[in-house]
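Every number here is computed from the coordinates shown, using simple stated rules; none is lab data. Since the structure is predicted, the reported quantities are computational estimates derived from the model, not experimental observations. Positions of Cβ are generated from backbone atoms using ideal geometry, with glycine treated the same way; all protein chains shown enter the neighbour counts.
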């Protein structure tokens with residue numbers, strides 16, 4: 001395993017300016033994206049209202065069914081004794097979801113270690129599983145590459161309605177058949193049986209999407225002491241009840257602050273992506289098993305396009321007696337994380353950091369300070385076959401991902417091998433036929449103007465047939481040179497699937513299948529610098 005670190009420009013202006021610490025964007029955050037001000041942030045956390053013993057018990061209770069490693073027990077003890085945390089999180093995707101979920105966990109672990117060294121005191125990594133998320137379409141799919149094509153396998157989720165992932169049941173026979181099909185599409189390697197066994201052993205022990213996700217997460221990061229908690233955990237919700245009350249009481253002011261921040265960001269040339277409205281409550285309520293978004297309508301909290309309505313007092317009663325029915329959205333989730341944990345730093349992806357840019361005012365309304373917001377590490381894994389093909393084609397990672405040279409090379413290859421002489425002959429026949437038909441159309445029109453459209457249509461049929469022959473010729477030439485085209489497609493599919501970075505498409509299983517179960521531990525052992533360079537790992 002080899003590591004290269006290259007700067008790859010972020011895709012958004014906001015992230016370019018944020019990683020470069022431009023003053024225009026930094027006004028929307030409390031700290032710069034580094035540990036330079038970690039001592040200052042740690043000082044502000046001394047007054048955090050966390051009940052460490054109770055929260056450590058809640059986290060331990062949630063993790064216990066999955067197994068708590070010695071390293072995790074040590075981190076729980078550090079937390080109970082006063083340690084701050086580095087938090088990251090993600091919804092509960094199948095097979096951990098896209099690779100960036102694993103990259104987030106790695107980022108939190110590495111950043112916590114770096115912060116602990118800098119501060120001279122323990123800092124604990126925490127993964128916040130967004131188990132309350134009901135967007136099952138985002139959770140219930142896996143991408144795979146078969147025969148040079150990227151395919152999306154969708155697990156049937158529609159019948160689950162708007163259930164939160166933590167309450168959506170995994171149907172044993174259905175999910176097993178779904179994952180079996182996926183594993184059959186993977187190339188057989190020395191590691192396939194073991195990786196399949198690991199996945200299915202965790203599947204057998206779980207009955208919801210979130211539990212399956214948490215079990216795999218625990219398996220891969222237990223030696224690192226990563227702590228994790230499901231946002232939808234009933235004990236955690238009970239702990240959060242008083243803060244839900246504050247969010248309900250201040251929902252109007254929070255909504256206004258976010259709208260104002262988004263407007264200011266747009267005026268400065270940025271896009272937060274929340275598209276917030278002043279009537280938003282930024283909270284969900286579970287009603288008869290469905291998670292429904294609340295809005296404010298006068299003094300009422302309503303579910304749009306329904307007759308469902310609550311007074312503020314009714315919601316406050318729910319927060320006090322049934323807090324498990326309430327959940328957060330992208331605006332209030334960061335607030336809740338900071339209420340629950342003494343967060344030294346939050347690790348997020350580009351989209352999340354864009355959301356956070358609109359939240360400074362909301363934090364201040366809650367008498368809180370935004371933590372250090374750190375971009376997660378971005379990583380691309382290059383298997384040996386892809387590395388060999390790139391070397392053969394004299395292509396660097398930047399050539400493929402930044403310069404997007406593969407389409408250009410594909411066009412150059414085609415231009416080199418195409419049968420230009422035959423294509424020119426077809427074009428010549430089309431030109432001659434069109435000229436001959438001009439006289440033919442004129443003769444038919446002289447007999448009857450009604451025959452003109454028929455003759456013109458007949459010409460188009462012949463021209464289309466000649467185009468068909470031309471395309472067939474081109475296809476056959478491509479087939480005869482398919483090895484070269486397939487190699488270019490393989491490089492592009494490996495590094496730039498669906499025109500995006502691999503970490504946004506593939507899950508870790510194909511790479512575990514190629515490398516072995518020690519992949520994630522070996523990644524953590526690499527001397528990665530926590531900076532804005534892209535990590536290129538040759539397996």
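Taking the number of other C-beta atoms within 10 Å as the exposure measure, put 26, 370, 1 in order starting with the fewest.
Neighbour counts put them in this order, fewest first: 1, 26, 370.
Looking only at segment 49-232, where both bridge partners belong to it, what percent of the DSSP beta bridges are antiparallel (to the nearest 5)?
Of those bridges, close to 40 percent are antiparallel.
Against the longest principal axis of the chain, how steep is helix 312-321, in degrees 0 to 90 to the nearest 10, with axes from Cα atoms?
70 degrees
To check you understand DSSP bridge types, tell me what percent of the beta bridges within the chain (both residues inside) are antiparallel, rounded to 5.
Given both bridge residues lie in the chain, the antiparallel proportion sits at roughly 55 percent.
Using Cα atoms only, what is the angle between the long axis of helix 452-480 and the major principal axis of the chain, expressed in degrees (0 to 90) to the nearest 10?
70 degrees
Could you work out the Rg to Rh ratio of segment 299-380, with Rh taken as the Kirkwood radius (inverse of the mean 1/r over all Cα pairs)?
Radius of gyration over Kirkwood radius for segment 299-380 works out to 1.07.
If you average the sequence gap of Cα pairs under 8 Å that are 6 or more apart and divide by the length of the chain, what percent do you get for the contact order?
Across the chain, relative contact order equals 24 percent.
Please report the relative contact order for segment 233-377, taking Cα pairs under 8 Å with a sequence separation of at least 6, and give it as a percent rounded to a whole number.
Relative contact order here is 28 percent.
Give me the percent relative contact order of segment 405-495, please, defined on Cα pairs under 8 angstrom at least 6 residues apart.
The value is 42 percent.
Tell me, what is the FRET efficiency for residue 204 and residue 442 to the nearest 0.05, using R0 = 51 angstrom and their Cβ-Cβ distance as r?
Result of the calculation: an efficiency of 0.05.
Let a ≥ b ≥ c be the square roots of the eigenvalues of the Cα gyration tensor of segment 238-348; is it rounded (a/c under 1.5), or, if not, prolate (a/b larger than b/c) or oblate?
oblate
Evaluate 2.2 N^0.38 Å with N set to the residue count of the chain, then give the Cα radius of gyration divided by it.
Dividing the Cα radius of gyration by 2.2 N^0.38 Å gives 1.18.
Distance in nm between label sites at residue 322 and residue 419, each 7 Å beyond Cα in the beta-carbon direction?
Taking the simple label geometry, residue 322 and residue 419 are separated by 7.3 nm.
Fewest Cβ neighbours within 10 Å first, please rank 11, 60, 166 accordingly.
11, 60, 166
Quick one: angle between helix 70-81 and the longest Cα principal axis of the chain, in degrees between 0 and 90, rounded to 10, please.
Around 50 degrees separate the two axes.
Using just the helices of the chain, give the 222 nm mean residue ellipticity in deg cm²/dmol: DSSP H runs with n ≥ 4 each add -39,500 (n - 2.57), and the total is spread over all residues, rounded to 500.
Only helices count here, giving -16000 deg cm²/dmol.
Give me 437, 515 sorted ascending by neighbouring Cβ count inside 10 Å, so fewest comes first.
Final ranking by Cβ density, sparse to dense: 437, 515.
At 0.692 mPa s and 37 °C, plugging the Kirkwood radius over alpha-carbon pairs of segment 194-247 into Stokes-Einstein gives what diffusion coefficient in µm²/s?
The calculation lands on 253 µm²/s.
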